[in-house]
1. Of the residues Ile75, Ile96, Ile136, which single one is open to solvent by less than 80 Å² (accessible area, probe 1.4 Å) and at pLDDT 90 or above?
2. Given the conditions (1) loosely packed, with under 15 Cβ neighbours inside 10 Å; (2) modelled with pLDDT under 90, which single one is not true for Trp142?
3. Quick one: which of Arg95, Arg78, Arg64 is under 17 Å from the mean Cα position of the chain (by Cα) and basic (Lys, Arg)?
4. Determine if the stretch 167-176 includes at least one residue that is over 20 Å from Ala121 (Cα atoms) and out of contact with any helix residue (DSSP H, G or I) (no Cβ under 8 Å at 6 or more places or on another chain).
5. Identify the residue in the stretch 191-207 that is open to solvent by less than 70 Å² (accessible area, probe 1.4 Å) and out of contact with any helix residue (DSSP H, G or I) (no Cβ under 8 Å at 6 or more places or on another chain) and, among all such residues, is nearest to Trp172 (Cα to Cα).
6. Can Leu57 be described as within 29 Å of Glu209 (Cβ to Cβ) and either of a type in the set (S, T, N, Q) or open to solvent by 40 Å² or more (accessible area, probe 1.4 Å) (or both)?
7. Kindly indicate whether any position in the stretch 225-235 is assigned to a helix (DSSP H, G or I), open to solvent by 50 Å² or more (accessible area, probe 1.4 Å) and at pLDDT 75 or above.
8. Looking at the stretch 90-113, is at least one residue in a helix (DSSP H, G or I) and among the polar types (S, T, N, Q)?
Amino acid sequence: VIQCNIRDITSRASMEKQLHDQAVVVEDLHRRKDEFLAMLSHELRSPLAPIANAVQLLGLHGERLEPAQQQAIGIIERQVGQLQHLVDDLLEVSRITSGRLHLHKEPVRIAEVVNGAVETARPLIEHHRHQLMLRIPSEPIWVSADAARLEQVLVNLLTNAVKFTHEGGQLWLTVELDSRRPHSPAQVLIRIRDNGVGISPALVPDIFELFSQSERSLDRAQGGLGIGLALVQRLTE
């Protein structure tokens, strides 16, 4: 007995081709987006450098300027610094997504990295009159890491904590040596805490997504593109 079944798969084949074509389009859009971010960050950095240099030159003659002029220079310096930070984050994201970011690992003292990050974030912390509690073990702790990238991670976390903590709030940065695993190398645990507004539980699963932000009105008031925490996660990984 011979039975022959013939099934018409025209519609299924058409749907598979449509899905494939859509995947190609999405992949092309992602590539174009990455290229745009890289181009945008490079183009924005070019005019920012001479503006920052010009403001620094004006600041050298601060004693000859009127108070209003000194205040204007201070405002320009702060805003240019903020722009440079945003552009640098965009550039880093484009490097990571395109696979062009390379770590230069070497033995570094974790205390030096932490202190460097704190000094970078200190002007912003003092501007908001925050109290920073720093706790680092007295004994030297060495790690194999890219010091510049690790400091960048901590600066982003501190900046994020400052942005969403009320005036005069509190920040904590603690460094601990975690040697609870008996048969594996000890690890360094760095915690950054604040007593700010916190994160809505509904947003927690998405806080490390690129361009993810909390309540729009709060984010827009504090500035930022929603890439700081995404950059932290990718650099850490």
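The values are calculated or read from the model by the stated rules, or taken from the named source; none is laboratory data. Owing to the predicted nature of the structure, the values given are computational and were not obtained by experimental measurement. Every residue, glycine as well, gets a Cβ built from its backbone with ideal geometry; the counts of neighbours run over all protein chains shown. Note: accessible area is taken over every heavy atom of the protein model, side chains too, but ligands, DNA and RNA are not part of it. Shrake-Rupley method; radii C 1.70, N 1.55, O 1.52, S 1.80 Å.
1. Checking each option against the conditions leaves just Ile136.
2. (2)
3. Just one listed residue meets the conditions, Arg95.
4. Residues of the stretch 167-176 that are over 20 Å from Ala121 (Cα atoms), as a first pass: 176.
Restricting the remaining residues to those that are out of contact with any helix residue (DSSP H, G or I) (no Cβ under 8 Å at 6 or more places or on another chain) gives 176.
Within the stretch 167-176 (the criterion being over 20 Å from Ala121 (Cα atoms) and out of contact with any helix residue (DSSP H, G or I) (no Cβ under 8 Å at 6 or more places or on another chain)), the answer is yes, since at least one residue qualifies.
5. Step one: of the stretch 191-207, the residues open to solvent by less than 70 Å² (accessible area, probe 1.4 Å) are 192, 194-196, 198, 200, 203, 207.
The next check asks that each one be out of contact with any helix residue (DSSP H, G or I) (no Cβ under 8 Å at 6 or more places or on another chain); those that pass are 195, 198, 200, 203.
Numbers: Asn195: 9, Gly198: 14, Ser200: 21, Leu203: 23 Å.
Step by step, filter the stretch 191-207, then rank; the result is Asn195.
6. Judged against the criteria, Leu57 is not a match.
7. Looking through the stretch 225-235, at least one residue is assigned to a helix (DSSP H, G or I), open to solvent by 50 Å² or more (accessible area, probe 1.4 Å) and at pLDDT 75 or above.
8. In the first step, residues of the stretch 90-113 are kept if they are in a helix (DSSP H, G or I); the result is 90-97, 110-113.
Among the residues that remain, those that are also among the polar types (S, T, N, Q) are: 94, 97.
Taking every residue of the stretch 90-113 in turn, at least one turns out to be in a helix (DSSP H, G or I) and among the polar types (S, T, N, Q).
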